[in-house]
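Q: One structure, as structure tokens, below. Some questions next.
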Amino acid sequence: MDITILYGTETGNAEMLSEDIQSHLEGDHSVELSNLSDFDPGSFDKNRFYIVVCSTYGDGELPASAQPFAEAMEAAKPDLAGIHFAIFGMGDMEYEETFNNGSKRMEDLLTAHGAKKVGERITHDASSSDLAEDLAMDWADARVAEAAGLVEA
Ligand SMILES: Cc1cc2nc3c(=O)[nH]c(=O)nc-3n(C[C@H](O)[C@H](O)[C@H](O)COP(=O)(O)O)c2cc1C
């Protein structure tokens, strides 16, 4: 399957995890990686599956690298019907009231424009003993398997 991993990050955790997911999937799939700040909302492609990795910053805000993308989405209002994505959120329960709000905002932004979420959003907690990379690989494998029947080849 052709896969694009898009990451929204402030201090690099989502980028590092995205690189790990790319390495994990690459043997069986063709996987591109892009910072959301470099991704044009007009370039979504129905023939690809999108894996979005997004952290939360400030007071439940999108991280810096996702903000230009969100603004470009609001401006361009692309029709994302037929686009499938899965989303992995990175946050910290130290920020209990806004835990993983950034990934929720990103999910809402994509679905509001017609994209379909595959599986449930997973939310990593940096205060927990779980390492994000320990959760992400099985999660990614399961989402890619689900997407196989959905994404146009
Ligand atoms: C200043 C600051 C604000 C943060 N705000 C939130 C927040 O509101 N909600 C949350 O779940 N995590 C919050 N976090 C935790 C980050 O999302 C978490 O550390 C994540 O792994 C960072 O990923 P990144 O390096 O890709 O941006 C915050 C972290 C910092 C340093």
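Q: Do we have any residue at all in region 107-119 that's closer than 20 Å to LEU17 by Cβ and within 8 Å of the ligand (Cβ to nearest atom)?
A: No, region 107-119 contains no residue that is closer than 20 Å to LEU17 by Cβ and within 8 Å of the ligand (Cβ to nearest atom).
Q: Residue pairs, Cβ under 9 Å, 6 or more apart or interchain, first in region 106-134 and without any contact (Cβ under 8 Å) to a residue 12 or more places away in the chain and closer than 14 Å to ILE51 by Cβ, second more than 12 Å from the ligand (Cβ to nearest atom) and small (Gly, Ala, Ser). List them.
A: Sorted first by the residue in region 106-134, then by its partner, the pairs are GLU120/ALA86.
Q: Identify, please: which residue in region 4-17 is out of contact with any Leu (no Cβ under 6 Å at 6 or more places or on another chain) and within 19 Å of ALA142 (Cβ to Cβ) and is, among those, surrounded by the fewest Cβ atoms within 10 Å (Cβ to Cβ)? Step through it out loud before you land on a result.
A: Narrowing region 4-17 to residues out of contact with any Leu (no Cβ under 6 Å at 6 or more places or on another chain): 4, 7, 9-17.
Keeping just the survivors that are within 19 Å of ALA142 (Cβ to Cβ) gives 4, 17.
Numbers: THR4: 20, LEU17: 23.
Top of the filtered list is THR4.
Q: I'd like to know if region 21-41 contains one or more residues that are of a type in the set (Asp, Glu) and in contact with a strand residue (DSSP E or B) (Cβ under 7 Å, 6 or more places away or on another chain). Break it down into steps so the answer makes sense when it comes.
A: Of the residues in region 21-41, the ones of a type in the set (Asp, Glu) are 26, 28, 32, 38, 40.
Subsequent filtering for residues that are in contact with a strand residue (DSSP E or B) (Cβ under 7 Å, 6 or more places away or on another chain) retains 32.
Yes, region 21-41 contains a residue that is of a type in the set (Asp, Glu) and in contact with a strand residue (DSSP E or B) (Cβ under 7 Å, 6 or more places away or on another chain).
Q: Looking at (1) away from the ligand (no atom under 13 Å from the Cβ); (2) over 15 Å from the mean Cα position of the chain (by Cα), can you tell me which one ASP141 breaks?
A: Condition not satisfied by ASP141: (2).
Q: I'm told SER65 meets every condition in (1) surrounded by fewer than 16 Cβ atoms within 10 Å (Cβ to Cβ); (2) within 11 Å of the ligand (Cβ to nearest atom) except one. Can you identify the failing condition by its number?
A: SER65 satisfies all of (1) surrounded by fewer than 16 Cβ atoms within 10 Å (Cβ to Cβ); (2) within 11 Å of the ligand (Cβ to nearest atom) except (1).
Q: Is it the case that GLU107 is out of contact with any His (no Cβ under 7 Å at 6 or more places or on another chain) and either surrounded by fewer than 19 Cβ atoms within 10 Å (Cβ to Cβ) or over 26 Å from LEU150 (Cβ atoms) (or both)? Write out each step before concluding.
A: Numbers: out of contact with any His (no Cβ under 7 Å at 6 or more places or on another chain): yes; either surrounded by fewer than 19 Cβ atoms within 10 Å (Cβ to Cβ) or over 26 Å from LEU150 (Cβ atoms) (or both): no.
No, not satisfied.
Q: I'm checking my understanding of the structure. Among residues of region 12-57 that are within 16 Å of the ligand (Cβ to nearest atom) and free of Cβ contacts under 8 Å to residues at least 12 places away in the same chain, which one is farthest from ALA132 (Cα to Cα)?
A: Let us first name the residues in region 12-57 that are within 16 Å of the ligand (Cβ to nearest atom), namely 12-22, 33-39, 51-57.
Filter once more, keeping what is free of Cβ contacts under 8 Å to residues at least 12 places away in the same chain: 12, 16, 38.
On the way: GLY12: 13, MET16: 10, ASP38: 24 Å.
Once the filter is applied, the top-ranked residue is ASP38.
No lab work stands behind these numbers, since they all come straight from the coordinates. Everything quoted here is computed from the prediction, not taken from an experiment. For neighbour counting, all protein chains shown are included, and Cβ atoms are generated from backbone atoms with ideal geometry for every residue, glycine included.
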